1. Select from segment 11-30 the residues that are assigned to a loop (DSSP other than H, G, I, E, B) and under 26 Å from the mean Cα position of the chain (by Cα) and list them in ascending order.
2. Restricting to segment 36-70, name every residue that is without any contact (Cβ under 8 Å) to a residue 24 or more places away in the chain, outside any helix (DSSP H, G or I), surrounded by fewer than 19 Cβ atoms within 10 Å (Cβ to Cβ) and in contact with a helix residue (DSSP H, G or I) (Cβ under 8 Å, 6 or more places away or on another chain).
3. For segment 315-338, enumerate the residues that are at pLDDT below 80 and closer than 20 Å to residue 244 by Cβ.
4. Mind checking which strands (runs of 3 or more DSSP E) fall wholly inside segment 402-482 and carry at least 2 residues that are surrounded by 20 or more Cβ atoms within 10 Å (Cβ to Cβ) and assigned by TED's automatic domain parsing to the domain that holds residue 386?
5. When you scan segment 382-401, how many residues do you find that are outside any helix (DSSP H, G or I) and either over 22 Å from residue 494 (Cβ atoms) or under 29 Å from the mean Cα position of the chain (by Cα) (or both)?
6. Take the residues in segment 263-287 that are farther than 21 Å from residue 228 by Cα and free of Cβ contacts under 8 Å to residues at least 12 places away in the same chain, then tell me which one is surrounded by the most Cβ atoms within 10 Å (Cβ to Cβ).
7. It is to be established whether one or more residues within segment 297-304 are surrounded by fewer than 12 Cβ atoms within 10 Å (Cβ to Cβ) and modelled with pLDDT under 75.
8. Is it the case, given these coordinates, that residue 260 is surrounded by 17 or more Cβ atoms within 10 Å (Cβ to Cβ) and either in contact with a helix residue (DSSP H, G or I) (Cβ under 9 Å, 6 or more places away or on another chain) or touching a residue at least 12 places away in the same chain (Cβ under 8 Å) (or both)?
C-alpha cells in the first residue's frame, strides 16, 4: 500500500474523528469574506458550555486583558476572529478521549505533550517582534494531529506498531504499510485540509518535523512552522531521556531559524514548565507538576557523571549533588517567590494588579460561601483624572495614582485586598463586611482622599474620588456569579458619578 492508498483509506474510514458542529461551522464561516464578527459570536453562543470555557480563558492570564470580558460578542471583538477560532478548535480537540479499543494509545499523555507544544510555540513566537500569534497556540497543539487520526482510525494495528513507529525501527515482517503510517505529518495535513483548515494551520502540521521543506512565501506561515518545529524540540527536553541533546539543539535552531538571542531562549526555558501548568488549568487538563529545565539538565548531568565512577565515588557525588540540589531548590524557591510577587503587583502603584484581584475575589467568594459570611466589594474611580494628564502631563498623573494608592492602603485593614483595576480605577475586597460597615469604610476613604494634600515639589493638587460598592452573602456557588457581583459594583460607581462625583453609592437591586 502506497501513501496515496493509505490516505484514501484514512479519509474514507468510518472511524475518522469528526469535528463538533460549532467548530466545523466556524471554519466554514471564517473562510467567507462577508462574515461579520456578529456572525461569529452568534454561532459560538449556541454552545453554552463552549462559550463559558472561552470566557474563562479570555479573562485569564493567558491573555491578561485589563478589562473583564463578559460576553462572547465582546470576546470576539477584543480577541479577533482567528483567536476565537483557535480557542474553539483547542477545546474541541482536547475533549477527545480514549475509547475502550484504544487503550494502547495514551490519549492523556498525547494531549499533555500537545498542550506543552502549544504553550512552547506561543512562548517562542511571542519573542518575535510584530509576529502574528493569534493562531500559534492551536498550530502547536495540533502539530501531531496525524498520530491522533491514526490512533482513532486504526486503533488496534497502530497500537501494536506504536513502539516500532516511535523508535523509527523497520519491522521485518512486511511493515511497509505501517512505516508509511509513521509519517503522520502527511496524514494529519491531509485530514486537516479535508476539514477546511486554513493554510496557516495545515502547513505547520505537515512540516513541523522538517521546516526547511516548507516553501511558503508567506512570512507569517513560515514563522509559525519554525516556531512549531522548535516547540517540538523544547517539549522533548521534558519528555525524552536525552534532555541535554534537545536543549542544545533547541538553542542552536532557535537562533538559526528565528534569530532568537540568548536572553530570549533563557526566558523561554525558565517560563516553560510553569506556563504549561497554568495552561492545563485554563483548558481543563490535569498536568502533573513538572521540574524546571534547569533541574532536568542538572539531573541528566549527574547521571552522565555517575557512569564512570566506582561505588565510593558514586556515594560521595550523590551526597554533594543532593546538597547542591537543596541549595539550588532554595534559591529557585526564592526567585519564584519574587517572580510570583512581581506577576501580582502593579508596576506603577505597587498595589495588586487586575490578575491578582480576580484570583483573590474567587478565593474570598469561596470563603464567604463556606463561612456563610458577608463579602463587600468597592470600585473607586479618581474624578476627572483625564484632566490631570491633559493639563499637567502624564508624570503628574502617575504621581497622583501612586499617592492615591498609598492613601487608600493606609486606611484599610491588613487582610483587605487593594488592587488597581485598570487605568485610574481601583478595587477593594472587604471580607466579612456588611453593607453598613462597607459604607463606613467607603466614606472614610472618600474623606481621606478629599483631605489629602497631593504635593509634588512646589505644586499641590486637589483630588476626589467616586465610590461604588456592593455587598452580598453568597449561599453557594450555584446562586452566585462573580461577574454579576463586579457589574453591580460598577453600576453603583456610575451612579456615584451621575450624582456629581466625590460621593459613595451602594448598589440596590
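The values are calculated or read from the model by the stated rules, or taken from the named source; none is laboratory data. What you see is a predicted model; the values in this text were computed from it and never measured. Cβ sites come from the backbone with ideal geometry, for glycine too, and all protein chains shown count toward neighbours.
1. Filtering segment 11-30 for residues assigned to a loop (DSSP other than H, G, I, E, B) gives 12-20.
Answer for segment 11-30, where residues must be assigned to a loop (DSSP other than H, G, I, E, B) and under 26 Å from the mean Cα position of the chain (by Cα): 19, 20.
2. 63, 65
3. Once the filter is applied, which keeps residues that are at pLDDT below 80 and closer than 20 Å to residue 244 by Cβ, segment 315-338 yields 317, 318.
4. Working: elements: 417-422, 425-431, 454-456, 459-461, 465-472.
The qualifying strands (runs of 3 or more DSSP E) are 417-422, 425-431, 465-472.
5. 1
6. 281
7. Scanning segment 297-304, I find at least one residue that is surrounded by fewer than 12 Cβ atoms within 10 Å (Cβ to Cβ) and modelled with pLDDT under 75, so the answer is yes.
8. Working: surrounded by 17 or more Cβ atoms within 10 Å (Cβ to Cβ): yes; either in contact with a helix residue (DSSP H, G or I) (Cβ under 9 Å, 6 or more places away or on another chain) or touching a residue at least 12 places away in the same chain (Cβ under 8 Å) (or both): yes.
Here the answer is yes, as residue 260 does meet what is asked.
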